[in-house]
Amino acid sequence: MSPPDTSFAPSENIAKLKESATIAVSQRAKALKAEGREIIDLGAGEPDFDTPEPIRRAAQHALDHGATRYTATEGTLALRTAIAARTTVRRGRGETITPAQVVVSNGSKQSLFNACFCLFGPGDEVLIPTPSWTSYYEMVALSRATAVAVMGDPNDGFRVSPASLAAHATERTRGVMLNTPVNPTGTVYTRSELDALLTMARERGWWVICDEIYLRIAFDGDATSCLDVAESLDRVVIVDGVAKAYAMTGWRIGWTISAAPLAKAMAAFQSHTTFNAAAVSQAGAAAALTLGEPVELAVRAMVEQFRVRRDAAMAILAEEPAMRVIPPEGAFYLFIQAPGAGSVPDAGSVFAARLLEKHNVAVVPGAAFLAPDWIRVAYSTDIDQVKTAMRRIVTAFRER
Ligand code: PLP
């Protein structure tokens, strides 16, 4: 009997879809671990902390008191009210945020996709400051719009400026994806930089999607939110969630804040794809935002741990003067230039492969972020492991 034919012709929708490189690295690291290898996995962008206990307790209570059913597509009023209240505090320059402007989704990843899919379509171009999180390019492409990578300045933390965006703009440009603090570089945009970017987008009538999932993980005081500087939210979508700052990656809660008509459209779209985010997760997220001091203490302690790890990692990497690292100001990533950059094709992938196969350290090749001369290292793991991994990276770097 011939084997079953399980092949299929992918639809045009996904014909060019690429697997997430960050998830692929984690899976390879897990496979090697299963073979008995002691891999230090610095691939995944996931805090190693448990969700703070008061949040877990609140969710357990909610589960026993009815949080087991469908909710409104756009999320429970309790959670949207909590998000709106917290957000309004930041709107120094503008209107009060109402729950009608908030749509809760299954992680900020879905929030970003909702926004891209509802705003962009065939013929549209979307500017993506690069290097950037790998999924932006795919989300724009899945919306059948064209992603336009705008390479930032490596001598300035890979920041983009209004001038660099302008250089890539055409009459088809419809939006820009901003992210601060930035995955994969850890760069944090200053207030005046964000102001300049938002002002330019506003003048040109572009949509700005601001991904602020790492906003609370910043090491030099509060990072500026687009909410702090945007004159109006008419053409701005703020994306945030609980995954990173509250160590709640598995709960899958993210949200958008936008003008109410767009919020309504995104909720309608979501109602036909996934419907509401899990009721119990929404209760947990509402607790994270409303319980106050006990949760805030835990968040501050986690951020402090990230800072300690960053400092320890940077101190070890500094022992190799030839190594170039973008100074990280937030999030929990280091962006390191690979040996052979500029001469070896895809030097980051070559270095990442050597680190994994020979030195048992999993990192993500920069090609995943359209910066093939670099690697991304997540230091969201135990400090001793971070230090050991950094020593191995220095050793591997010197082997060239
Ligand atoms: N945005 C950025 C820049 C990220 O790095 C990630 C996750 O790695 C996300 C969004 C998605 O986060 P969530 O777990 O809320 O879907």
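The values are calculated or read from the model by the stated rules, or taken from the named source; none is laboratory data. What you see is a predicted model, and the numbers here were worked out from it, not measured in a lab. Quick reminder, even Gly has a Cβ in these numbers, built from the backbone with ideal geometry, and neighbours come from all protein chains shown. Each accessible area value is taken on the protein alone, full model and side chains, heavy atoms only, with ligands, DNA and RNA left out. Shrake-Rupley method; radii C 1.70, N 1.55, O 1.52, S 1.80 Å.
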_Dipole magnitude of the chain about its Cα centre (Cβ charges: Lys, Arg +1; Asp, Glu -1), debye to nearest 20_ = 320 debye
*asked:* Please report the carbon-and-sulfur percent of the accessible area for the stretch 68-291; probe 1.4 Å, protein heavy atoms only, DNA, RNA and ligands left out.
replied: 54 percent
*Taking only Cα atoms, what is the 0 to 90° angle, nearest 10, from helix 53-64's long axis to the longest principal axis of the chain?*
50 degrees
_Binning at 10 angstrom from zero up to the longest distance, how are the C-alpha pair distances of the chain distributed in percent?_
5, 22, 32, 27, 13, 2, 0, 0
*Stretch in the chain that is longest and holds no chymotrypsin sites (Phe, Trp or Tyr not before Pro) that DSSP places in a loop and that have at most 13 other beta carbons within 10 Å*: 71-274
*Residue-normalised accessible area of the chain, expressed per residue, 1.4 Å probe, Å²*: 43 Å²
*Just report the Cα centroid separation between the stretch 348-384 and the stretch 56-117, whole Å.*
34 Å
*What residue among L63, A78, V89 has its Cα farthest toward the positive end of the dipole of the stretch 22-95, where the charges are +1 on Lys, Arg and -1 on Asp, Glu, each on the Cβ?*
V89
*Can you check what the net charge comes to around Q282, using other residues whose Cβ is under 13 Å from the Cβ of Q282 (Lys, Arg +1; Asp, Glu -1)?*
+2
_Accessible surface of the stretch 300-345, 1.4 Å probe, proportion on carbon and sulfur as whole %_ = 56 percent
_the chain: angle of helix 293-317 to the longest principal axis, Cα-based, in degrees nearest 10_ = 20 degrees
*Tell me, for the chain, which Cys residues have no other cysteine's C-beta sitting closer than 4.7 Å.*
C116, C118
*Separation of the stretch 269-288 and the stretch 1-48 by C-alpha centroid, Å?*
27 Å
_Above-threshold pairs, the threshold being 22 Å between Cα atoms, out of K33/K358; K109/K264; K16/K358; K33/K244; K358/K387; K109/K387_ = K16/K358; K33/K244; K109/K387
*Treating the angle as unsigned and between 0 and 90°, give the value, to the nearest 10°, between the Cα long axis of helix 108-119 and the longest Cα principal axis of the chain.*
70 degrees
